[in-house]
Amino acid sequence: MLTFWEQFPIVFSALNEGFVQTLKLFFITLLGALPLGLLISFCSMSKFAPLQKLTRMIIWIVRGSPLMLQLLIIFFGPGLLFGVPIWGGGESGRFTAAAVAFIINYACYFSEIYRSGIESIPHGQYEAGQVLGMTKRQIFFKVTLLQMVKRIVPPMSNEIITLVKDTSLARIIALQEIIWAGEAFTTTSHGISGQVWPLFFTGVYYLAFNGILTILFSKLEKKLDYFKI
Amino acid sequence: MAFLQVNHIEKHFGSTKVLENISFSMEKGQVLAIIGSSGSGKTTLLRCLNFLETPGSGQIVLNDEVLFDGETYHAISDEEQRKKRLHFGMVFQSFNLFPQYTALQNVTLAPSLQKKQSAEEIDALGKSLLKKVGLENKMDFYPCQLSGGQQQRVAIARALALHPDILCFDEPTSALDPELTGEVLKVIKGLKGGDSTMIIVTHEMEFAKNVADRIIFMADGVIEEEGTPDEIFGNPKSEKIKAFLAKSLETI
Ligand SMILES: Nc1ncnc2c1ncn2[C@@H]1O[C@H](COP(=O)(O)OP(=O)(O)OP(=O)(O)O)[C@@H](O)[C@H]1O
Ligand SMILES: [Mg+2]
């Protein structure tokens, strides 16, 4: 039986490995969902009614059902439906499936945040730009964009902090993120058996990372504090 | 031909007729005040002149240039419309300043986007306009740091920066506390006599009487009466305007 101080480095490196997967999923989701969300928000505000209705329906379904279920459907669905698993085997296949599920899910949440930000800009701002002879582009980039950003930052930071924690859901399809790595020690992993503390210790990673994000977001909020809308 | 000629403007929102057969004209350097009760279409008329609304029919002719003609309207491109719009300036009831810019930046933003002058010229223009409206020591303040009256004066400077042929005001003081209306009205009055041509929608009857060269009284989407301040206030003809004036003089 290894002492705690003998276990620690082994656990530490295993958890680090899991946390890399967690971070990868986190950043890939942001990279995909931030722009996709913007696209979805434009569709959900489209003047073309069928597109608008369809988009809002999809958003409703995605936001109204558990992400865990969406992960399972996206991972197993194609195989069950067409008889061909499209994700490929192994960790990289699971990762791709998880990333797709997360991007779709978070893009829908982000799209609603974008939409509320865009819709919160008073119409008078556009009109003031128009009577000053600005083009639509100029009004967007020079007048409304920063006001939208200011509106969006607080709800966005909430959502992004939730995403950090939500990445742990990916272990339902056996993605080897940090909770998965910690849980493995409760049975046997890296020669250590029946230990619960590594699982609890994963909380430290989440707290540290979310602490950094919180600081960054509040800095950004402060930066935009100089004006009021 | 008059400087501004508005002919038979009509505007409907769905089935509601908001403007009916509006025709008037004004000369360069004149101040025209538009009065009338709530819902009579004053704002809509100003918005038509600024191309924020498109009239259903009629004509707007400025300085012999046809800016709008209901018959040929569909042929106008965005770019053309922007050019035509620049003949008019607009000061809104609710200021609509850009919150993320300082007073000076609010004034200089549009000219600097047009790139017709150098940055130094635009900066000097902005400063002189803010000085003109009495805000030379508030140039670097953000709108949220200014009182309503100061914000409205920035908005006036902002509209002047593009040298519009005609500057329109939509109840420029009605969103202000009573003690702040004076400073704004004084600025507007100060613009008179220069080469500023102005159309002012207002509920301040004293102001209209003192500043306007001509007054239009609107009721239910039509021009009910038009004349000099003396005619309108001294010798109103229609029953509607008599009732309106009696009401506006009522003290509560
Ligand atoms: N976008 C719109 N859609 C439908 N109806 C409108 C619209 N804008 C204005 N109206 C209607 O047009 C009429 C005239 O409105 P307008 O704002 O021009 O009046 P006003 O004379 O400026 O009134 P106030 O003194 O209250 O500002 C009102 O009955 C109003 O309800
Ligand atoms: Mg009005």
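The values are calculated or read from the model by the stated rules, or taken from the named source; none is laboratory data. Only a predicted model underlies this, so the values are computations on that prediction, with no experimental measurement involved. As a convention, Cβ positions derive from the backbone with ideal geometry for all residues, glycine included, and neighbour counts pool all protein chains shown.
Remarks
- Whichever residue in segment B:11-24 is in contact (Cβ under 8 Å) with a residue 60 or more places away in the chain, surrounded by fewer than 18 Cβ atoms within 10 Å (Cβ to Cβ) and not small (G, A, S) and, among such residues, is farthest from B:V61 (Cα to Cα): B:K17
- Only one of the numbered conditions (1) away from chain A (no Cβ under 14 Å); (2) within 16 Å of ligand 2 (Cβ to nearest atom); (3) within 25 Å of A:G133 (Cβ to Cβ) is not met by B:I199, and that is (1).
- Matching residues, segment B:50-67, being in contact with a Cys (Cβ under 8 Å, 6 or more places away or on another chain) and away from ligand 1 (no atom under 12 Å from the Cβ): B:N50, B:P55, B:I60
- Taken over segment B:129-175, the residue count meeting the criterion of being more than 12 Å from chain A (Cβ to nearest Cβ), part of a loop (DSSP other than H, G, I, E, B) and within 27 Å of B:S40 (Cα to Cα) is 5.
- Yes/no for B:E27 being closer than 20 Å to B:T197 by Cα and either more than 16 Å from ligand 2 (Cβ to nearest atom) or buried (at least 22 other Cβ atoms within 10 Å of the Cβ) (or both): yes
- Odd one out for A:L132, checked against (1) surrounded by fewer than 20 Cβ atoms within 10 Å (Cβ to Cβ); (2) within 14 Å of chain B (Cβ to nearest Cβ): (1)
Conditions (1) touching a residue at least 60 places away in the same chain (Cβ under 8 Å); (2) touching a Gly at 6+ places or on another chain (Cβ under 7 Å), marked per residue:
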{"position": "B:N50", "(1), (2)": "yes, no"}
{"position": "B:G56", "(1), (2)": "no, yes"}
{"position": "B:V66", "(1), (2)": "no, no"}
{"position": "B:D69", "(1), (2)": "no, no"}
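- Qualifying residue in segment B:103-113 (condition: outside any helix (DSSP H, G or I) and surrounded by fewer than 22 Cβ atoms within 10 Å (Cβ to Cβ)): no
- Check on B:S38, within 28 Å of B:E204 (Cα to Cα), in contact (Cβ under 8 Å) with a residue 12 or more places away in the chain and under 19 Å from the mean Cα position of the chain (by Cα): no
- Complete set of residues in segment A:118-144 that are in contact (Cβ under 8 Å) with a residue 12 or more places away in the chain and not small (G, A, S): A:I118, A:E119, A:I121, A:Q125, A:Y126, A:I139, A:K142, A:V143, A:T144
- For segment B:1-29, the set of residues classified as of a type outside the set (A, V, I, L, M, F, W, C) and within 17 Å of B:C168 (Cβ to Cβ) consists of B:Q5, B:K11, B:S25, B:E27, B:K28, B:G29, listed by residue number.
- Restricting A:I28, A:I10 to residues that are touching a Gly at 6+ places or on another chain (Cβ under 8 Å) and either among the charged types (D, E, K, R) or surrounded by 15 or more Cβ atoms within 10 Å (Cβ to Cβ) (or both) narrows the list to A:I10.
- Of the residues in segment B:139-159, none is touching a helix residue (DSSP H, G or I) at 6+ places or on another chain (Cβ under 8 Å), among the hydroxyl-bearing types (S, T, Y) and surrounded by 22 or more Cβ atoms within 10 Å (Cβ to Cβ).
- Every test in (1) under 20 Å from B:R214 (Cα atoms); (2) among the hydrophobic types (A, V, I, L, M, F, W, C); (3) within 13 Å of ligand 2 (Cβ to nearest atom) is passed by B:L52 save one, and that test is (1).
- For segment A:137-190, the candidate set comprises residues that are of a type in the set (S, T, Y) and in contact with a strand residue (DSSP E or B) (Cβ under 9 Å, 6 or more places away or on another chain); within that set, the residue that is farthest from A:L23 (Cα to Cα) is A:T187.
- Scanning segment A:145-185 for residues that are out of contact with any helix residue (DSSP H, G or I) (no Cβ under 6 Å at 6 or more places or on another chain) and without any contact (Cβ under 8 Å) to a residue 40 or more places away in the chain yields A:L145, A:N158, A:T162.
- The single condition among (1) part of a helix (DSSP H, G or I); (2) away from every other protein chain (no Cβ under 14 Å); (3) loosely packed, with under 14 Cβ neighbours inside 10 Å that A:F95 does not meet is (3).
- Restricted to segment B:90-105, and to residues there that are of a type in the set (F, W, Y) and more than 7 Å from chain A (Cβ to nearest Cβ), the residue that is nearest to A:Q125 (Cα to Cα) is B:F95.
- Among the residues of segment B:106-128, the one identified as of a type in the set (A, V, I, L, M), under 16 Å from A:Q138 (Cβ atoms) and away from every other protein chain (no Cβ under 11 Å) is B:I122.
- The residues listed here are B:L86, B:L46; of these, the one that is closer than 25 Å to B:A159 by Cα, within 16 Å of ligand 2 (Cβ to nearest atom) and within 11 Å of another protein chain (Cβ to nearest Cβ) is B:L46.
- Test: residue in segment B:137-156 that is of a type in the set (D, E), modelled with pLDDT of 95 or more, more than 16 Å from the chain's Cα centre (by Cα) and farther than 23 Å from B:A212 by Cβ: yes
- Within segment A:90-100, the set of residues being free of Cβ contacts under 8 Å to residues at least 60 places away in the same chain and of a type in the set (A, V, I, L, M) comprises just one member, A:V100.
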